[in-house]
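What follows is a single structure, written as structure tokens, with notes after it.
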Amino acid sequence: MILVSACLLGQRVRYDGRHSYSEVALGLAGGEPVLALCPEVLGGLGVPRPPARFVGARFGREGQDLLDGRARLLDGQGRDLSPAFVAGARAVLALAQEQGVRLALLKDRSPSCAWDPQGLNPDGGPGLGVLAALLQAAGIELREVRAAAR
Ligand code: SF4
């Protein structure tokens, strides 16, 4: 079973109500059964929702810093959305473990899903999203998929 960021499979769950459909993600899944989930929706943040940015986090450890209480995710008005991000990521991890997920294909530049620990993405973004941090700690293999909004 492969976990895939739901927006990569065409679900309109992004903060701006769009999706990030990716043929690359489908190709990487290779016909294996997929579990398509959005941690931010599962955390109750809704669609659309305000974009959020990390505050107080170190690059490449953003999601882990948040889980450790060293950083927060704030929207543009300074509201702390961290609890919802953490709840959604934990819900996805629980479902992934229940379903025996071995690999996660994660959308880039997302505070939840990003996994770019060496900062190689020319478009920037976090190095480690909240969900990516939990999945990594659980021993699930991660791949980042670069995809634009549609
Ligand atoms: S990148 Fe992750 S959190 Fe953002 S819309 Fe896609 S699945 Fe949801």
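Just so you know, all these numbers are worked out from the coordinates, no wet-lab data involved. Predicted model, so just to flag it, every value in this text is computed and none were measured. Note that each Cβ is placed from the backbone with ideal geometry, even for glycine, and that neighbours are counted across all protein chains shown.
Here's the yes/no breakdown for (1) under 24 Å from residue 119 (Cβ atoms); (2) more than 14 Å from the ligand (Cβ to nearest atom):
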position: 9; (1), (2): no, no
position: 32; (1), (2): no, yes
position: 64; (1), (2): yes, yes
position: 80; (1), (2): no, yes
position: 91; (1), (2): no, no
position: 95; (1), (2): no, no
### Task
Being assigned to a helix (DSSP H, G or I), more than 10 Å from the ligand (Cβ to nearest atom) and touching a residue at least 24 places away in the same chain (Cβ under 8 Å) narrows it down to one of 135, 105, so name that one.
135
### Query
What do you reckon, is residue 125 more than 17 Å from residue 86 (Cβ to Cβ), surrounded by fewer than 24 Cβ atoms within 10 Å (Cβ to Cβ) and within 14 Å of the ligand (Cβ to nearest atom)?
yes
#### Entry: Every pair of residues 6+ apart whose Cβ atoms lie under 7 Å, when the first sits in the range 15-40 and is at negative phi while the second is aromatic (Phe, Trp, Tyr)
40/85
#### Entry: Yes/no for residue 87 being part of a strand (DSSP E or B) and either hydroxyl-bearing (Ser, Thr, Tyr) or surrounded by fewer than 20 Cβ atoms within 10 Å (Cβ to Cβ) (or both)
no
#### Entry: helices (runs of 4 or more DSSP H) completely within the range 1-72 that count 2 or more residues being surrounded by fewer than 14 Cβ atoms within 10 Å (Cβ to Cβ) and over 14 Å from the mean Cα position of the chain (by Cα)
23-29
